[in-house]
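*Asks:* I'd like to ask you about the structure that follows.
Taken together, the values in this text are just the output of simple stated rules run on the coordinates, not laboratory data. A quick note: this is a predicted structure, and the numbers were derived from the prediction, not measured. When we count neighbours, we look across all protein chains shown, and the Cβ atoms used for this are built from the backbone with ideal geometry, even at glycine.
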C-alpha cells in the first residue's frame, strides 16, 4: 500500500516548535479555557448546531489527559465524552458505524470521541481482521457519514495526537514503573508498542482517504502534554468562534 | 422536477393481475408463512446476517394490516417492528438517519420499518420543510447508508405499497364511517388524501434517485390486501432462500 509523501508521519514533528515556551502556552491555555466556557454556553443556548471532537492517537499518546486538560472547566451538561473500546457482541452484530452514530451530538452539544470509528480502519487492519478492500469500503462509508453529520449542523474536528516511537516507548515503560500509572498498563501494551510502524502506515492511509478539505485531520505534536492541550483547545476555540453561536431571541421558540 | 417515464406511478397497476385468484393466493400465502417460520429460525440461529424490510406507502395503503398478515406467525424474538412517526425533539436535533440507524437489525434479526428514512424525503418535501437541494443531499446519504448496511450483512427489501388515488379516497372515507377504523382517522387525513399527486411526484423522485440495482424498490399493487400480503411475503421468502441461512455447526462458536 502506498501513501502520498504528504502523509509521511516520520516527517511530521511530534514536538512543539522551538520558539514556543511552556509557561506562555499554559497561561494562554487558561485564557482559552475561559473562552471555551462562554462559547459552550452560547452553543448550548442556541441549540441549533453541535461540535464533534474526534481524538485518535496511538497507545500512550495521552488522550485521557488531554480530555481532562481541555474540557475540565466546561459545564458537563453541554459536553459529553464517550470512549470506544473493544466492541460488544451486540455492536459487532451491526455495521461498524452503528455504535458510533448513536453517540453523535444533538444540537447544542460538544461531543468528544476518545477513539472513534477510525479504530475500525486501524486496529482492525493491524490485526488483519479486515482486508484492504473492506478498508476501502469503510473509508467511503466514513466520508459519507461525516458529510451527513456536517449537513445536519455538526462541526467535526479530527485530531491525531502524534507521538514519536521513542516517546511512546518511554511512556509505556513508565506505566510499568509508576504506581499511579500501572492501572493503565496491560500486557498487550508491549506488543502494541512494537507495532508503531504498522499503526503509522494505517494512519497514513487514513489521512490519504478520509481527509477531505471539508473535514481535514489536524496533526497535533503530542510528545509534550502542555503543547498538545494548547493546540486542541485553541483549534476548538477557533472553530466555535467561526460558528459564532447566538443566544436565541425568544425563549418560546423551539429548535427547527 | 422531472422523473423518467419508468417511474410514472400512473402507469403502474395498483391491482392484482386478472389471472390471479384470491383463494389460491391466500392458500399459497399460508404455505409461504410456514416457510418463513423455518427460514427465520435458521437466520436467527446462524446469527451472521439480517434482513431489513422497509414499508412505504401513502396513508391508508395498509402498512399495519400487511405487517399483521405477513409476520404474525413468526417467532417475535427474531422479528422486530418499528414505526417511525413524527420525530421527537431529540431526534430532530440529530441528522435524519440517526433515529433510523439505532433501529437497524443486528445479526439474526428480521427488522420491519413501518415508514422509514424515506419519510425524510417525502412528507418533508410535500410540506416544504426541505428544498430540492437538501433532498438531493439526503438521497446520497440514504444510498451510502443502505450500502453500509448491506456490506455489514443486511439484506434490504424496500416495498412501496401502491394504492390508486381512488382506492385511497375510499379507504379514508371508510375510516370516518366504520367504528372499528375511526381510531385511525385524524383530521389531517383529508388534507393528505388531496395530496396524492404531490406524494406521487415525490415517490417517483425517490425511485429515480434511491433505486440502485443492488437495492431496488419493489412496487406492490396494493388496492387488494390479500394480493399485497402475498407479494411481500413471497419476496421475503425468496430473499431468505437466496441467503440460505445455516444452523451453526458448533454451539461454542461466537459470531464474528
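*Asks:* Just to be sure I understand: with springs between alpha-carbon atoms less than 10 Å apart, which residue in A:243, A:58, A:202 has the highest mean-square fluctuation in the Gaussian network model of chain A?
*Replies:* Judging by the Gaussian network model, the answer is A:243.
*Asks:* Set the Förster distance to 30 Å, then compute FRET efficiency between residue B:20 and residue B:150 from the Cβ-Cβ distance, nearest 0.05.
*Replies:* 0.45
*Asks:* OK, next. Using a label point 7 Å beyond Cα on the Cα-Cβ vector, give me the inter-copy distances for residue B:90 in nanometres, one decimal, shortest first.
*Replies:* 1.4
*Asks:* In segment B:120-161, whose amide N lies under 13 Å from the spot 7 Å out along Cα-to-Cβ of residue B:201? List them in ranges.
*Replies:* Within reach of a label on residue B:201: B:125-128, B:132.
*Asks:* Now a separate question. Pop the C-beta distance of residue B:140 and residue A:241 into the FRET formula with R0 = 35 Å and round what comes out to the nearest 0.05.
*Replies:* 0.70
*Asks:* How high is the relative contact order of chain A, in percent, counting Cα pairs under 8 Å that sit 6 or more residues apart?
*Replies:* Relative contact order for chain A comes out at 35 percent.
*Asks:* Also: Measuring label to label, 7 Å along Cα→Cβ, what does residue A:28 give against each other copy in nm, shortest first?
*Replies:* Residue A:28 label point versus its equivalents elsewhere: 7.5 nm.
*Asks:* While we're on this one: Once the Cβ-Cβ distance between residue A:178 and residue B:250 is put in as r, and R0 is 51 Å, what FRET efficiency do you end up with, to the nearest 0.05?
*Replies:* 0.70
*Asks:* Could you list log10 I(q)/I(0) for segment B:36-117 at q = 0.22, 0.23, 0.26 Å⁻¹, which the Debye formula gives when each Cα is one point scatterer?
*Replies:* Taking Cα atoms of segment B:36-117 as identical point scatterers yields -1.04, -1.09, -1.23.
*Asks:* Please report how far the C-alpha centroid of segment B:1-79 lies from that of segment B:122-183, rounded to the nearest whole angstrom.
*Replies:* 15
*Asks:* When only alpha-carbon atoms count, how far does chain B stretch along each of its three principal axes, as whole angstroms with the largest first?
*Replies:* 57, 46, 37
*Asks:* Shortest first and in nm to one decimal, what separations exist between residue B:176 and its copies in the other chains, measuring from label points 7 Å along the Cα-to-beta-carbon line?
*Replies:* Going from nearest to farthest copy, the values are 8.2 nm.
*Asks:* Between chain B and chain A, with a rotation axis joining them, whose C-beta in B is nearest that axis, and what is the whole-Å distance?
*Replies:* That would be B:144, 2.
*Asks:* Also: If the elastic network links every pair of Cα atoms under 10 Å, which of A:139, A:159, A:84 fluctuates the most in the Gaussian network model of chain A?
*Replies:* A:84
*Asks:* Please build a GNM for chain A, connecting alpha carbons under 10 Å apart, and tell me which residue among A:216, A:87, A:105 fluctuates the most.
*Replies:* Its mean-square fluctuation being the largest, the pick is A:87.
*Asks:* Give the Debye-formula value of log10 I(q)/I(0) at each listed q (0.08 Å⁻¹), with one equal scatterer per alpha carbon of the protein assembly as shown, two decimals each.
*Replies:* Values, matching the q order: -0.61.
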